[in-house]
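Peer 1: Have a look at this one before I ask anything.
Read-outs: derived from the displayed coordinates by stated rules, not from any lab. The structure presented is a predicted model; accordingly, all values stated were derived computationally and were not measured. Quick reminder, even Gly has a Cβ in these numbers, built from the backbone with ideal geometry, and neighbours come from all protein chains shown.
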Amino acid sequence: MHAKPRHLAVIMVCLAIAFFAVAYPVYVIHPFRSQGARELQVALFLIRYRGGVEFAAALTALIAGLGHWRAHRGVWRKLGSAALTFGVLVCAALSRVNLYEKLFHPIANPSFTAAGESKLDGDEKVIAIAVGGAARAYPVRIISYHHIVNDFLGGVPVAATY
């Protein structure tokens, strides 16, 4: 009789771990959000090892879910444990997706204004490129979201990134 609630508790712990392993790095490394050194270190650690953590959580949840399924006769209890187990599997699948590749798209056709007409702050950081007699400045503030600008400068293809 004691094994029944334990299965559900194991599944919920697995779901909490799986969700944290996916959500915490996304929260910490969110664009334009400043991070502390410690929280960034934890987020990068999670990204590095979350595949194994997610696999262990998914396997443990599946085993506990099967145990819960066999221990209960009620359809609603079975569906509840199956839904929680499915949540762990969804988190495990999401951990395999590189969200930042999906979010950040290179700028393919940048538009420019003359330096005197720009609304850049005097302290604005830019990446400057000069090819032949042509020069361009790409604001880091804009590139920080896209991470790369594909452009042609003096007829030469260039990629501005940092």
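Peer 1: Going by C-beta contacts inside 10 Å, put 95, 34 in order with the fewest on the left.
Peer 2: Going from sparsest to densest Cβ surroundings: 34, 95.
Peer 1: For the chain, which longest stretch is free of loop sites, where a loop site is one of the trypsin sites (Lys or Arg not before Pro) that DSSP puts outside H, G, I, E and B and that has at most 10 other Cβ atoms within 10 Å?
Peer 2: 120-162
Peer 1: Does the stretch 115-161 come out rounded, prolate or oblate by the C-alpha gyration tensor, with a ≥ b ≥ c the root eigenvalues, rounded set by a/c under 1.5 and, if not, prolate when a/b is larger than b/c and oblate if not? Please report the intermediate quantities before stating the final value.
Peer 2: Working: a/c = 2.56, a/b = 1.28, b/c = 1.99.
Note, shape of the stretch 115-161 comes out oblate.
Peer 1: Could you tell me the extents of the stretch 2-67's C-alpha atoms along the three principal axes, largest first, rounded to whole Å?
Peer 2: Principal axes ranked by extent give 46, 18, 17 Å for the Cα atoms.
Peer 1: As I understand it, the dipole of the chain uses +1 on the Cβ of Lys and Arg and -1 on the Cβ of Asp and Glu, about the Cα centre. Which of 112, 55, 160 lies farthest toward its positive end?
Peer 2: My answer, from the dipole projection, is 55.
Peer 1: If you don't mind, another one. Enter the angle in degrees (range 0 to 90, nearest 10) between the Cα long axis of helix 37-71 and the first principal axis of the Cα atoms of the chain, meaning the one along which they spread out most.
Peer 2: Tilt of helix 37-71: around 30 degrees.
Peer 1: Now for a separate question. What residues have an amide H closer than 5 Å to that of residue 126, excluding those fewer than 5 places away on the same chain, when H is modeled at 1.01 Å from N in the peptide plane?
Peer 2: 140
Peer 1: Kindly identify the stretch 53-103 as rounded, prolate or oblate by the Cα gyration tensor criterion: order the square roots of the eigenvalues as a ≥ b ≥ c, call it rounded if a/c is under 1.5, otherwise compare a/b with b/c, prolate if a/b is larger, else oblate.
Peer 2: Judged from the Cα gyration tensor, the stretch 53-103 comes out oblate (a/c at least 1.5, b/c at or above a/b).
Peer 1: Give the Cα extents of the chain along the principal axes, in whole Å, largest first.
Peer 2: Extents along the principal axes: 80, 31, 24 Å.
Peer 1: Using Cα atoms only, what is the angle between the long axis of helix 3-28 and the major principal axis of the chain, expressed in degrees (0 to 90) to the nearest 10?
Peer 2: Between the helix axis and the principal axis of the chain, the angle is about 0 degrees.
Peer 1: Could you give the size of the charge dipole of the chain about its Cα centre, using +1 on the Cβ of each K and R and -1 on the Cβ of each D and E, expressed in debye and rounded to the nearest 20?
Peer 2: Here the chain has a charge dipole of around 1180 debye.
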